[in-house]
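Below: one structure, written as structure tokens.
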């Protein structure tokens, strides 16, 4: 793998730090006029999602991390692992609950998502920005209410719970923004 | 065709730069300080191991000589002072290799001036007057504060900048979330000061604050003379506005032997770090032997001042063509 020097630390660059794959978020060059040059780097640990700051002497380097984002189709959950497939090659990957994390509540069989691979093994799973899911349970709405002010909780077929307007009913399919967890609209089938 | 042919700064900034340079010239004209020009391309270069320089080939058949783009016009200006120029100033480009970031461009504009018979206190008054003259009501600066390095360092870290303790320094670094500090700095006092001052002290200087920090520890003396009453500190001052380092000044070192010794030390460090080792500037040493008048000098980054005058986030916002478009 390539080695990157502090001057090459750009947002998005994937590097190894403390044996974990990380992504550079920000890199600030700090140099007293008459002193040592440093790079103050904001970096996200891709395993834990934690963001830390770390200072390097300018000119120091880090090894690159073999991290790629791949579009995959979510296949099924066997109880222990969730299985994904690259549509073009039919290559399959499996990821446990620790890796899938919170994304699990947005994953519906056959939907597309992004699997982040580190050394060809899943590291994280990111759902599509918008998913269409079916309401399996919600309180019946008040008759004639179409505004949806306030709303009510609704449980979706993946287990996620989102707030929906009062007029939306059990059995309906809705569109949700996975980045905010917010209801967008009803989906006509 | 490349899409990045246009300047990165606005046309207003071009005008602000022109106005600021005109005001600098007014300021020094009022004080009878002579404007001078010295070479950007020279046979010699400063030896500071922390300043990387650009070198190039001067082809003067049949020989080819190495020449250097100046990291500051200091040496040439001191040669003028030693020749009897009296107080002088210069607005010139300066070049520092590898320096690029939000506050750095490898080519930048430096205002440098020397006042004959000024000590550090008089120089600080001069700096205060210039900053007030340039900023006027544009930036509502609190009264400029003069504070010693030891005092401001203690205020923000609780540590003594003059007495090094790797343990105490490291305990503080851990407290402020710099666990890497010990492996970065080891037992190098000057390096610890660079790290803690830039990461902590500067970061904690308030908005709209303006500090003249004087009395730098001797390990950071550079070309300043040592304080005659306390050899632990040096006659060096730095200007910080909103926590941004804007300039550096000295009560200048006049002793040719001491200068020669510092050159040798810096060249040794360069050898150890496997950096390019230039030759000592014999012209400067000869000028010091001939006699540099007692004087104080200051250098201020004009681009940083423009950033502060225009509330710009990046030096690219005040340069027509930063290095990526040059």
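Brief remarks follow.
- Förster-model FRET efficiency, 41 Å R0, residue B:151 and residue B:311, C-beta, rounded to 0.05: 0.90
- Three-way shape label, region B:265-326, alpha-carbon gyration tensor, a/c 1.5: oblate
- Among B:173, B:229, B:286: highest mean-square fluctuation, GNM of chain B, C-alpha pairs under 10 Å: B:229
- Label-point separation, residue B:321 to residue B:83 (7 Å along Cα→Cβ), nm: 3.2 nm
- If the chain linking residue A:42 and residue A:139 were pulled fully straight, counting 0.36 nm for each residue of separation and taking away their Cα-Cα distance, it would gain 30.4 nm.
- Note on residue B:40 and residue A:28: their simple-model spin labels are 3.0 nm apart, each label 7 Å out from Cα toward Cβ.
- Max mean-square fluctuation residue, GNM over chain B, Cα-Cα springs under 10 Å, options B:180, B:99, B:258: B:180
- Sum of -39500 (n - 2.57) over DSSP H runs of 4+, divided by residues of chain A (222 nm, nearest 500): -500 deg cm²/dmol
- Ranked B:102, B:115, B:79, B:236, criterion: other C-beta atoms within 10 Å, fewest first: B:102, B:79, B:115, B:236
- Reducing region B:68-128 and region A:93-110 to their Cα centroids gives an inter-centroid distance of 61 Å.
- Taking other C-beta atoms within 10 Å as the exposure proxy, B:192, A:118, B:113 rank A:118, B:192, B:113 from fewest upward.
- Relative contact order (%) - chain B, alpha-carbon pairs under 8 angstrom, separation at least six: 24 percent
- Relative contact order of chain A: 14 percent, from C-alpha pairs under 8 Å at least 6 residues apart in sequence.
- A Förster radius of 41 Å, combined with the Cβ-Cβ distance separating residue A:5 from residue A:88, puts the computed FRET efficiency at roughly 0.70.
- One decimal place: the segment residue A:161-residue A:121 gains 11.4 nm when fully extended, by the rule 0.36 nm per residue minus the C-alpha distance.
- Anisotropy class of the protein assembly as shown from Cα gyration tensor, a/c 1.5 cut: prolate
- Region A:67-127, relative contact order in percent, only Cα pairs under 8 angstrom and at least six apart counted: 38 percent
- Overall form of region A:3-63 per C-alpha gyration tensor (a/c, 1.5; a/b vs b/c): prolate
- Between residue B:4 and residue B:285, full extension at 0.36 nm per residue minus the direct alpha carbon distance yields a gain of 96.7 nm.
- With R₀ set to 25 Å, the beta-carbon distance separating residue B:125 from residue B:30 gives a calculated FRET efficiency near 0.95.
Readers should treat all values here as calculations from the given coordinates under stated rules, not as data from a laboratory. The structure displayed is predicted, hence computed values, not measured ones. Please note: Cβ atoms are built from the backbone with ideal geometry, for glycine as well, and neighbour counts cover all protein chains shown.
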